[in-house]
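Step one of this worksheet: look at the structure below.
The values are calculated or read from the model by the stated rules, or taken from the named source; none is laboratory data. Keep in mind the model is a prediction, meaning the values are calculated, not measured. Reconstructed Cβ throughout: ideal geometry from the backbone, glycine too, with neighbour counts over all protein chains shown. Surface areas here come from the heavy atoms of the whole protein model, side chains and all, with no ligands, DNA or RNA. Shrake-Rupley method; radii C 1.70, N 1.55, O 1.52, S 1.80 Å.
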Amino acid sequence: MAVDVVKIEIKSVMDASGLEEHILAGRFKADDVVAVIGKTEGNGGVNDFTRILSDQAFRKVLMDHGTRDAAAVKKIPMVWSGGCDGVITPHATVFARNAETGPADELRIVMGTALSPQILPEDIGRPAMVEKVAEGVRLAMKDAGITDPKDVHYVQTKTPLLTIETIQDAHARGQSVACEVHDSMGVSNGTTGLGIAVALGEISMPTAEQICHDLSLYSAVASCSSGVELDCAQIVLFGNKAGAGGRYKIGHSVMKDALDIDGIYEAIRNAGIDLPERARASDLQGRLVNCFMKCEADKTGRLRNRRQIMLDDSDVHHHRHSKAAVGGVAAAAIGDPAVFVSVDAMHQGPHGGGPVIAIVEMN
């Protein structure tokens, strides 16, 4: 079935009125919604409860207006990234199925979902997690009906991180863990990025020593998030497939560094919009649905050969610096501050940069 895509502003911490408005207007039915990817306004840390509040609000709307029971609605993938630093506007991108068909020779967006095998606390940051994530990504490709990894343009994941309780559980079973609690978000994201890269043939299986150390290894389509709410990798995969129907297409590129605005425009071109060499927001003509990107401070403390202080700042974490900076670049590029920018980009795009994914409406 075809995929419909719409971006909705989140007007307050527990607001899902935009989703409800589209359902009541008949754009899609509540039962047609198959995934949500959103930015919430909390701190983006382990204790960012705005992610849970948005999740509850969106699932309630689907329960109120649909026929699926609570168990079925709970299974809908919803990936919430906390932290709207700088100019980023809280928002959600909603994906819904519809019955539109299309010509067999036209590529349009398709989506697949999967859950990996259970990821144990001792797997995080180690080859076992890479293998389990890769297994889940292959299942998501199959669910999307994609056979060629080159047709995959976006893999959004949510994976577990460590807590004091899960570390104690590992120790009670005689197992060790690869890192501490506050490092585990980045380590989980990075290990997941490698799992995606392995599944899609971007890299070969890394050694244990390369995980979270060899930053030359990365996936160009991975966007990885982690949290305390699950014990496996929740995977939402997007690509293009001929004859899928609908009006939307997806593409990707990478930002080579935090200022690489050309990388954003290259992702939009890759998705199917012709742009001039020196593009600007007005050239998009309202056809861009959203951009999704990952970013991280360059560990050398340099940007285009200039010294940076975000890694030395004791008052504001470097995640918030980098997210705000890249969010500003992205908002200027597309002319809209409702853009999905997430941090902890280890093994997701080149070091100091990150993947950029664009979804566009075709004529």
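The figures follow:
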| quantity | calculated |
| --- | --- |
| Percent accessible area from carbon and sulfur atoms, region 173-227, protein chains only, probe 1.4 Å | 50 |
| Nitroxide proxy distance, nm - points 7 Å out along Cα→Cβ at Thr67 and Glu209 | 5.9 |
| Part-to-part distance (alpha-carbon centres) for region 218-269 and region 125-200, which is given in Å | 17 |
| Packing-based order for 347-357, 115-125, using average beta carbon neighbours within 10 Å, highest first | 347-357, 115-125 |
| Backbone N under 19 Å from the Gln56 label point (7 Å along Cα→Cβ), restricted to region 12-37 | 12-20 |
| Region 214-363: C-alpha gyration tensor shape, a/c 1.5 cut-off, then a/b vs b/c | oblate |
| Antiparallel DSSP beta bridges within the chain, as percent of all bridges there, nearest 5 | 75 |
| Accessible carbon and sulfur surface of region 12-137 relative to its total accessible area, %, 1.4 Å | 55 |
| Label assignment, log10 I(q)/I(0) by the Debye sum over Cα atoms at q = 0.06 Å⁻¹ derived from the structure, set (1) -0.31; (2) -0.20; (3) -0.24 | (2) |
| Convex hull volume of region 57-163 per residue (C-alpha atoms, cubic angstrom) | 186 |
| Zone of Ala172's modelled label, taken as backbone nitrogen in region 121-141 under 14 Å from a point 7 Å along Cα→Cβ | 121 |
| Protein accessible area in region 310-363, 1.4 Å probe - carbon and sulfur % | 49 |
| Rounded if a/c under 1.5, otherwise prolate or oblate - region 209-269, Cα gyration tensor axes | oblate |
| Tensor-based shape of region 60-121 (alpha-carbon gyration tensor, a/c under 1.5 rounded, otherwise prolate or oblate) | rounded |
| Long-range HN-HN contacts of Ser226 with modeled amide H, under 5 Å | Thr159 |
| Heavy-atom accessible area per residue - the chain, 1.4 Å, Å² | 42 |
| Check: the chain dipole with +1 on Lys, Arg Cβ and -1 on Asp, Glu Cβ, in debye | 500 |
